[in-house]
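Read the structure below first, then the notes.
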Amino acid sequence: MPSHESPSSEPLLQQKDASTVQRRKPGWKATPNLHYKGRKMVRETCFSFCFRKSRSNPSSDHESSSSSSEALLPQKDESVDLLDSKPGWKVAYILGNESIEKMATYGLTTNFMVYLVREYHMDQVSAANILNIWTCGYCLLTVVGASVADIYLGKFLTIALASLASLLGMVTITLTAFVPQLRPPPCIPDGQKHLVQCVSNTKTQLGFLFAGLSWLAIGTGGIRPCSIPFGIDQFDSTTVEGRKNVSSFLNWYYASSTVVLLINQTLVIYIQDSVSWAWGFGIPTLLMSSSIPLFLAGSKIYHHVKPKGTTFSSFAQVLVAAYKKRHLKLHNEERVCGVFLDVSSEGNLVLSKHSLTTKFSSLKKAALVVDDDLKDDGSCANSWKLCSIQQVEEVICFMKILPIWASGGICFMTSAQEGTFVVSQALKMDRHIGPNFQMPAGSIKVMSLITLCLCIPLYNRVLQPALRKITKHENGITTLQRIGLGYLFSILFAVVAGLVEQQRRASALSQASADGVAPMSVFWLFPQLMFLGMVELFGFVGHIELYNKEFPEKMRSIGNSLIYLCIAGATYLSTLVVSIVYSVTGKHEEPNWLDNDINAGRLDYFYILIAALGVLNFAYFWSCACGYTYTSSLKAVESKEADILV
């Protein structure tokens with residue numbers, strides 16, 4: 001084996017003679033590294049930066065039958081044999097439980113701001129902050145739920161226990177609607193139908209309400225990050241048929257979620273608004289109680305993947321090992337690229353690999369083999385001093401996605417307004433459809449959902465094929481371009497919402513009825529809600545697509561949690577902006593932008609402020625996207641040297 005003198009090989013060869021290297025030949029061998037110069041690859045043979053399995057031919061190398069190499073041979077994962085290629089009837093239990101859980105949870109919370117304002121006599125800012133804090137809380141708990149499932153309980157048990165927690169929370173909130181003592185008494189109107197006396201809520205009533213929201217947040221935080229991974233576990237992703245079934249499962253998952261939201265925005269909200277809150281909350285609670293037996297019915301036929309720990313400890317090992325080897329130098333410090341074969345800690349062959357990147361090269365020092373990092377049998381002596389190159393690449397993958405993830409907060413902050421101030425706008429507009437039907441204000445979201453349902457097939461069947469012909473890209477546009485379009489639509493939403501609110505307020509002040517409702521159809525809100533649907537189609541789905549494409553399989557659950565963390569950041573940011581605007585404006589005899597009476601406030605100014613923040617956020621995202629390199633684009637072309645490329 002030819003050897004080239006290089007800084008990277010010196011630490012390994014200082015105390016290892018030729019005999020030592022020959023003894024490790026069956027399990028470990030030197031590999032050529034691939035250096036990129038423009039579009040060409042230059043091969044250079046040097047001792048590998050990280051340890052890797054060799055694919056030695058037994059007929060040519062009898063030493064592969066030695067005890068040391070036998071211990072290192074990749075073992076087949078027998079759990080793969082237990083998977084069905086078409087387990088649709090098993091997935092139906094999972095999909096049914098998830099759909100009913102979403103219908104129950106969304107049915108309880110979609111119109112919740114109206115419930116807090118009308119029944120608990122809260123002002124709209126307090127109600128909006130409570131709703132945003134609850135959303136932020138359950139999104140943060142998705143990380144806890146994913147970690148508990150990966151380390152201790154597994155996905156099945158986590159979903160089962162979380163479903164019970166959700167049911168307990170829903171029963172508690174439903175009791176607030178059934179039992180009059182658990183909420184304030186109704187306000188007393190005077191002869192002119194103006195509310196003159198409203199009894200405020202007590203600490204006991206708020207405590208009972210918050211207890212129900214807390215249990216519901218715990219349950220939602222356990223179900224949401226585990227449902228999709230648990231469904232994918234039922235398929236054999238190593239086969240073509242299995243991958244097709246996974247794609248089909250994801251399509252059905254998204255389609256069922258949209259249908260559930262449409263039902264909630266129409267039927268459930270109508271019952272809450274026109275019949276009673278007790279029945280409006282009681283029906284989702286009954287649905288949730290029926291979904292748990294449905295999910296448990298398939299417990300004996302599910303494929304259960306045992307928890308194997310979390311990636312957080314692996315991240316810590318890489319950082320510690322890189323710090324301990326910070327004085328070492330890599331070969332070609334400026335640019336290091338290549339594809340390495342790695343083996344998991346259990347000895348099983350890892351099915352997919354991340355190719356080496358050129359960023360964060362200092363972290364790659366964690367994979368340098370020096371001194372006594374390896375035992376005599378070729379295994380790692382101390383995982384806090386030596387990590388595989390795949391561990392390093394997983395950390396790099398996570399770190400380079402973080403700036404893109406952080407940009408989603410301001411974009412998704414616009415979605416937080418849909419359930420708060422957009423509903424407030426609808427309450428002061430003409431919501432009649434025909435002479436005898438009035439649309440509930442909480443059902444206004446149905447406009448964005450209809451837009452989404454119409455645009456998804458239009459994008460997949462018409463726009464995407466046309467873009468493929470123009471850009472020659474397999475998806476028509478790149479993932480980051482899709483996310484960028486979502487950010488632009490969020491800016492358009494805020495601008496259009498501000499203009500519509502300006503016209504609605506002017507109409508209300510000049511021609512309003514006694515209750516302050518403007519003679520302006522609620523369908524004037526459709527343009528801004530259409531743009532909000534585009535935000536979800538491009539921005540939200542783009543983030544999900546980015547995480548699933550860039551993260552390796554073992555980090556998909558973490559990626560699933562990232563989107564909920566992004567929503568949590570957006571709702572927390574929305575609460576912060578609302579609180580600041582509410583406290584700063586309204587001085588010097590000027591109207592408060594977020595006054596309880598939106599006809600007296602200036603909600604249009606608030607929307608323009610969100611649009612300005614969106615422009616700044618888009619500039620930040622653009623700077624991050626310009627320097628981003630896709631993981632898939634770094635994969636080397638196929639070579640005759642099959643043992644060094646995956």
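Of the residues making up the stretch 233-270, those that are surrounded by fewer than 21 Cβ atoms within 10 Å (Cβ to Cβ), modelled with pLDDT of 75 or more and either hydrophobic (A, V, I, L, M, F, W, C) or more than 27 Å from Val91 (Cα to Cα) (or both) are Val259, Leu262, Ile263, Thr266, Leu267, Tyr270. The set of residues in the stretch 610-626 being under 17 Å from Gln481 (Cβ atoms) and either surrounded by fewer than 17 Cβ atoms within 10 Å (Cβ to Cβ) or not small (Gly, Ala, Ser) (or both) consists of Asn617, Phe618, Ala619, Tyr620, Phe621, Trp622, Ser623, Cys624, Cys626.
Within the stretch 459-489, restricting attention to residues that are in a loop (DSSP other than H, G, I, E, B) and of a type outside the set (D, E, K, R), the residue that is farthest from the chain's Cα centre (by Cα) is His473. Looking across the stretch 509-537, just one residue is more than 18 Å from Val446 (Cα to Cα) and either among the aromatic types (Phe, Trp, Tyr) or crowded, with 22+ Cβ neighbours inside 10 Å (or both), and that is Ala518. Being in contact with a Ser or Thr (Cβ under 9 Å, 6 or more places away or on another chain) and assigned to a helix (DSSP H, G or I) is the filter here, so list the residues in the stretch 118-129 that pass it. Selection gives Glu119, Gln124, Val125, Ala127, Ala128, Asn129.
Quick one: would you say Ile263 is in contact with a Pro (Cβ under 9 Å, 6 or more places away or on another chain) and in a helix (DSSP H, G or I)? Judged against the criteria, Ile263 is not a match.
Restricting attention to the stretch 472-498, the residues being exposed (fewer than 15 other Cβ atoms within 10 Å of the Cβ) and either closer than 18 Å to Leu546 by Cβ or in contact (Cβ under 8 Å) with a residue 24 or more places away in the chain (or both) number 3.
Of the residues making up the stretch 482-497, one or more are assigned by the TED database to the domain that holds Leu616 and over 15 Å from Gly614 (Cα atoms). For the stretch 608-616, the criterion of a residue being at pLDDT 90 or above and either touching a Cys at 6+ places or on another chain (Cβ under 9 Å) or outside any helix (DSSP H, G or I) (or both) is satisfied by at least one position. Residue pairs whose Cβ atoms lie under 8 Å apart, separated by 6 or more positions or on different chains, with the first residue in the stretch 587-614 and on the phi < 0 side of the Ramachandran plot and the second assigned to a loop (DSSP other than H, G, I, E, B) and aromatic (Phe, Trp, Tyr), are Gly601/Trp593; Arg602/Trp593; Leu603/Trp593; Tyr605/Trp593; Phe606/Trp593.
From the list Ile598, Ile580, the one residue that fits, being in the same structural domain as Val535 (by the TED database) and modelled with pLDDT of 90 or more, is Ile580.
The values are calculated or read from the model by the stated rules, or taken from the named source; none is laboratory data. The structure presented is a predicted model; accordingly, all values stated were derived computationally and were not measured. When we count neighbours, we look across all protein chains shown, and the Cβ atoms used for this are built from the backbone with ideal geometry, even at glycine.
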